Amino acid sequence: MNPYRLTKEPVMTGNYPDTTGPLLFFDTGVGGLSILREAQRLLPTAPVVYAADYAGMPYGTKTEAELSTRIPLLLGRLVERYKPQLVTIACNTASTIALDVVRSVLDIPVVGTVPAVKPASLMTKTGVVGLLGTTATIRQPYVDRLAGEFAADKKLLRFGAPELVHAAEAKLRGEEPDPEAITAAVKGLTDQEHGDEIDTVILACTHFPLVQAELQKSFPRPVQFIDGAQGIARRIAYLTNDIIWPETVRSGIFVTTGSLDALAPYRKAFQEFGLEKFEAL
Ligand code: DGL
């Protein structure tokens, strides 16, 4: 039982209810902000801790063995330190590899981020769907299962584009994302057999929605993009339905496994999300 949990029968201390434990979001870098943005639309005053494993970035080119050890260990430390109500693994690579093991070691709800194959499959008119993820995500049995269950009658063309992670990071530092990384990701899909029939693209890495406009420009014709962020935000709101959140917005915490100095160029972007306190893990 989480002692910080606040239900609809709040414990009153003086005139105010006890402090509410935060929502914790976890990614390697800024990708999870694409999920946080949607969560903040639904729960604008929920306290937030955003954890970035910059020391372990990129996940997309690491092995399953490395990630399934590293991620639960880090999340265990984060949960101990921040006592969140709920953890969101705002990273497709981490979720498709380590969601089950994380759930088995934490005693609070854990929401994962997995490729939006089902909605994409309902949206496509041509029956050809592109899926952009990290190299690790696109080879996961988890993705095979989603494809088998929800897109068996569709063509799902996968491409691993780990360079887009760096392009998105650069954009949030206020730099221009590498145009070659964008073009290479698009060509990686369109050059495949039936690639010219793609009308729907799944952004199966949380960094990629941050460069969606650049990707769209590079496609030879308009395509619709889909990521899981809105569905995940709804899931977080549903699972925290009994919590009374504070009435006013408080500063969120950005915690990194990397150096605090390296965060300086991102601070303007973080402000938009109310992330104004910086800590090292
Ligand atoms: N944002 C992560 C994802 O959704 C990947 C980042 C990385 O490769 O470090 O897969």
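Coordinate-derived values only; no laboratory data. Note that the structure is predicted; figures quoted are calculated from it, not measured. Neighbour counts are summed over all protein chains in view; Cβ atoms, including those assigned to glycine, are modelled from backbone coordinates with ideal geometry.
List of remarks:
- What the Cβ-Cβ distance of Arg77 and Ala237 gives, at R0 = 25 Å and to the nearest 0.05, is a FRET efficiency of 0.40.
- Shown for the chain: lysine pairs separated by 8 or more places, or found on different chains, whose C-alpha atoms are under 16 Å apart, numbering 8.
- Taking a ≥ b ≥ c as the square roots of the eigenvalues of the alpha-carbon gyration tensor, region 158-278 is classed oblate because a/c is 1.5 or more while a/b is no larger than b/c.
- Exposed-site-free run, longest, the chain (rule: GluC sites (Glu not before Pro); DSSP loop; at most 13 other C-beta within 10 Å): 1-174
- Cut-off under 5 Å, modelled amide H: who pairs with Glu279 long-range: Phe254, Val255, Thr256
- HN-Hα J in Hz across region 184-196 - Karplus 6.51, -1.76, 1.60, θ = phi - 60°, x for Gly and Pro: 5, 5, 5, 5, x, 8, 6, 6, 6, 4, 6, x, 6
- Gain upon complete extension [Lys277, His194; 0.36 nm per residue less C-alpha separation]: 25.1 nm
- With θ taken as phi - 60° and the Karplus curve 6.51 cos²θ - 1.76 cosθ + 1.60 applied, the whole-hertz 3J(HN,Hα) list for region 76-83 is x, 5, 5, 5, 5, 6, 9, 6 Hz, x standing for glycine and proline.
- Computed from backbone phi, the HN-Hα couplings of region 65-75 come to 4, 4, 6, 6, 8, 5, 5, x, 5, 5, 5 Hz, rounded to whole numbers (Karplus: 6.51 cos²θ - 1.76 cosθ + 1.60, θ = phi - 60°; Gly and Pro given as x).
- Computed helical MRE - 222 nm, the chain, DSSP H runs ≥ 4 contributing -39500 (n - 2.57), nearest 500: -11500 deg cm²/dmol
- Taking Gly127, Gly160, Gly29 as the candidate residues, the one with maximal mean-square fluctuation in a Gaussian network model of the chain, Cα springs under 10 Å, is Gly127.
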